[in-house]
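Notes for the one structure printed next.
The values are calculated or read from the model by the stated rules, or taken from the named source; none is laboratory data. What you are looking at is a predicted structure, and each value in this text was computed from that prediction instead of being measured. Here the Cβ positions follow ideal geometry from the backbone for every residue, glycine too, while neighbour counts run over all protein chains shown.
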Amino acid sequence: MSDAPYVLAPNKEAKAAFKSMVDRASEIVLASTADNKAYSGLTPYVLREKIRELGFFPDHGIGFDEIMDKVESEIAPSMLKTWSTLYMPHLHSPALLESIATSLIINAFNDSMDSWDQGPAATEIETLVIEGLLELFGFDKAKGDGVFTSGGSQSNISALTAARDSYAKERLYWDVKKNGLPPSYDKLVLYTSEISHFSMEKGAHMLGLGYKAVRKLPIDDKARVDIAAFKSMVESDIKAGYLPFLAVATIGTTDFGSIDDIAAMREICDKYGMHLHADAAYGSGAILSSLYKERLGDLSLADSITVDFHKMFLLPISCSAILVKKKEDLECFELHADYLNREEDEEDGFVNLVGKSLQTTRPFDALKVFVSFQMRGRDGYGKIIDKVIENASYFYSLLTKDRVFYAPVSPELSSVVFALEKSDDVNKAVRRELLEEGIVIGQTVYKNRVMLKFTLLNPALTHSEIDSLLLHIKALGNKL
Ligand SMILES: *Cc1c(COP(=O)(O)O)cnc(C)c1O
């Protein structure tokens, strides 16, 4: 049994216990930074054995010190070190230092975003941040709206829901919220790149439309939606009686960071009365870069935008938002409950953000954005983004100078997809070998070839580290 104080309170015991627990936790984190390995290299079987030995739930508690010792010796060493410059497989970033401290504040208070009385300052900060983001992305803050979400997937699914409901309302005179799917639901289709994020299919399934409603558009040699193919697919679908309600432009595809031509997609959407969503989960960070911002295109042409702060913005998981050009588009999530968000309170200024969200209880993620934006400013944040994009183009330029490598798509953001010319098996083996050494890189497929991937989100990565990684991969390739 452990008699540690339970919760924060204005007494010495609680304060001392809190402080020493937080100190111990920082100690464990700092001890983990001893080397630059991203991973211990243990195989899944060995790690599983070690973890199972810890047991689950003892009859008698072992106390804070003892469990922390176990975390330090058995768990932390095989946790993934996102801050390592040798970690680059996914759009999974290290956390800015101040945002880790901010997370402590968020968790200590444990405010919730559903109703004003569960997070008064939190509600006001999120509102302020959302207004600022609307301006940053070029939306009119008086007409638009937005809400924080659990991630790009939820942001996308929220956008799909809003698009379906508003199409049904405006074009089919049908209220999906009250009546469920319209009679012609099996004709509804949406268009997105064949390399778009799988939350499109997941969303289509959850919306009752199924994967079959997701029309996959072919890509060009820069891994962007082929606009001519998009146009002709919409036209032939309309002829065949389908109801195109939405197109999704990917602003930074998950593998390549390629950016669809949003202006060209807008034109087609306008012509056929479709919504346009910009999935900028990855690319949104580049809005802060004065050097590379133009690469995104004009995101304000979209009806809604997904922004992930736990990717290029380097904020801890999870932190994401959905922005909409017209406030009404988030009304699909509005519903009042006597126990939570009474309309009479809202009339008196007690804003309840639950009315815009799929979630009910929800953390105060907006504070992470607020603190890092204030602390670093546009110039400081812009530098972070510039550095990772510049690193990607440096790495790409090295690859194109060496015939051992194949690198088909020039990077717009911070990801580079490449392969050793040798064979698929060699590329797979190189990645596994690196993992054992604690160097974690990505793997994907392009035109039926196994590819390796660097997703460069860590601004601390230097050119000389990139040089030696490249040499190392080349050497492994020669050996295998
Ligand atoms: C990462 C990503 C998503 C999903 O975001 P999560 O935050 O992981 O849910 C959606 N779209 C794109 C293009 C992404 O890269």
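Some values worked out for this structure:
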| read-out | value |
| --- | --- |
| In segment 216-232, the residues that are surrounded by fewer than 18 Cβ atoms within 10 Å (Cβ to Cβ) and assigned to a strand (DSSP E or B) | 216 |
| Residue check, residue 284 within 16 Å of the ligand (Cβ to nearest atom), small (Gly, Ala, Ser), part of a loop (DSSP other than H, G, I, E, B) and buried (at least 19 other Cβ atoms within 10 Å of the Cβ) | no |
| Count of segment 300-351 residues which are among the hydrophobic types (A, V, I, L, M, F, W, C) and within 16 Å of the ligand (Cβ to nearest atom) | 13 |
| Lone qualifier among 201, 267, 235 - being in a helix (DSSP H, G or I) and within 15 Å of the ligand (Cβ to nearest atom) | 201 |
| Those residues of segment 34-65 which are small (Gly, Ala, Ser) and surrounded by 10 or more Cβ atoms within 10 Å (Cβ to Cβ), in sequence order | 38, 40, 41, 61, 63 |
| Wholly enclosed helices (runs of 4 or more DSSP H) of segment 74-191 bearing at least 3 residues within 16 Å of the ligand (Cβ to nearest atom) and touching a residue at least 40 places away in the same chain (Cβ under 8 Å) | 152-172 |
| Test result for residue 64, at pLDDT 95 or above and within 28 Å of residue 46 (Cβ to Cβ) | yes |
